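Chemist: Could you have a look at this structure, given as structure tokens, before my questions?
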């Protein structure tokens, strides 16, 4: 009985936070609602990256391209072929991203370390260049797929910025729950084991290469769903949304929030998205310099992360914990 009460008490703050988040549309303007929706999408994208980056130790610089596959798939099916069902489009985006992730995995996992990063960088740039050069991936004389709108759920919904935010929030909670279930499962333990000690895992009988393929495919599939949501919310998907710069931004989100932690990448995604928006509002010319400076500072301070985590543990008497094995 005491255990059940303790578990319920731990969940109360989370429930209060979710209820408060659902009520935000009553307090914010439509522009702020759209900004928060964008922040949730990118935060979920960063969390999906961290499934491979932080949990399995696969440092990819082509993750935005996998999100782009989902976004382009959903956008083209809607604009060119007239499909309006959200469920059809989101499943198609997930399947297309899963297939692209499998191709990425089969090619990139032939390399190790720095060479793996360079291969993912090249693959991501290839996808971006394909979107830029192939006329089939362009509409309305634009260098992008335009004319995308929010699809129908079949429930008689009335879409506006507030309801879209609430819907994306629900999907984000489901996505985070899925990621946490993976992290806490034997599969997640195998991911971290292959990251920390590949030789020992193989000696224990684990097929490390196969687990790494699964990590990339799961990460890319979730990212593809986020890419489709981004296309629905933005009304378009373009090569600039899926290039190396966006992939680097996702890595920055994961690092700032704490790569390999339970919710660090998600929190980092929200912070970086908000910072980028307000930096652009302040000065379009100086915004890249601000984000770049943040990246440099984060990289320089990364080696002090264990000391900071130890200090937090001592202050909270060991209640701060990371989802690393």
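The values are calculated or read from the model by the stated rules, or taken from the named source; none is laboratory data. It should be emphasised that the depicted structure is a prediction, and the values quoted were computed from it without experimental measurement. With ideal geometry, Cβ positions are generated from the backbone for all residues, glycine too; neighbour counts draw on all protein chains shown.
Chemist: Please go through the stretch 237-251 and give me each residue that is assigned to a helix (DSSP H, G or I), touching a helix residue (DSSP H, G or I) at 6+ places or on another chain (Cβ under 6 Å) and closer than 23 Å to residue 32 by Cα, ordered by number.
Modeler: If the condition is that a residue be assigned to a helix (DSSP H, G or I), touching a helix residue (DSSP H, G or I) at 6+ places or on another chain (Cβ under 6 Å) and closer than 23 Å to residue 32 by Cα, then 246, 250 are the ones that fit.
Chemist: What number of residues in the stretch 82-121 are more than 17 Å from residue 227 (Cβ to Cβ), touching a residue at least 60 places away in the same chain (Cβ under 8 Å), more than 18 Å from the chain's Cα centre (by Cα) and part of a helix (DSSP H, G or I)?
Modeler: So the count comes out to 2.
Chemist: Here is a further query. If you go through the stretch 198-208 one residue at a time, do you hit one that is under 16 Å from residue 59 (Cα atoms), at pLDDT below 90 and in contact with a helix residue (DSSP H, G or I) (Cβ under 9 Å, 6 or more places away or on another chain)?
Modeler: Looking through the stretch 198-208, at least one residue is under 16 Å from residue 59 (Cα atoms), at pLDDT below 90 and in contact with a helix residue (DSSP H, G or I) (Cβ under 9 Å, 6 or more places away or on another chain).
Chemist: Being touching a residue at least 60 places away in the same chain (Cβ under 8 Å), more than 22 Å from the chain's Cα centre (by Cα), surrounded by fewer than 18 Cβ atoms within 10 Å (Cβ to Cβ) and not in a loop (DSSP other than H, G, I, E, B), is that true of even one residue in the stretch 140-158?
Modeler: Among the residues of the stretch 140-158, at least one is touching a residue at least 60 places away in the same chain (Cβ under 8 Å), more than 22 Å from the chain's Cα centre (by Cα), surrounded by fewer than 18 Cβ atoms within 10 Å (Cβ to Cβ) and not in a loop (DSSP other than H, G, I, E, B), which makes the answer yes.
Chemist: Quick check on this structure: which one of 43, 47, 96, 39 is under 28 Å from residue 145 (Cβ atoms), surrounded by 11 or more Cβ atoms within 10 Å (Cβ to Cβ) and at pLDDT 95 or above?
Modeler: Going through 43, 47, 96, 39 in turn, just one is under 28 Å from residue 145 (Cβ atoms), surrounded by 11 or more Cβ atoms within 10 Å (Cβ to Cβ) and at pLDDT 95 or above: 96.
Chemist: Can you name the number of the only condition in (1) at pLDDT 90 or above; (2) surrounded by 14 or more Cβ atoms within 10 Å (Cβ to Cβ) that residue 162 fails?
Modeler: Unmet for residue 162, out of (1) at pLDDT 90 or above; (2) surrounded by 14 or more Cβ atoms within 10 Å (Cβ to Cβ): (1).
Chemist: I'm trying to understand the selection: among the residues of the stretch 59-76, which are surrounded by fewer than 24 Cβ atoms within 10 Å (Cβ to Cβ), more than 20 Å from residue 276 (Cα to Cα) and in contact with a helix residue (DSSP H, G or I) (Cβ under 6 Å, 6 or more places away or on another chain)?
Modeler: Across the stretch 59-76, the qualifying residue is only 59.
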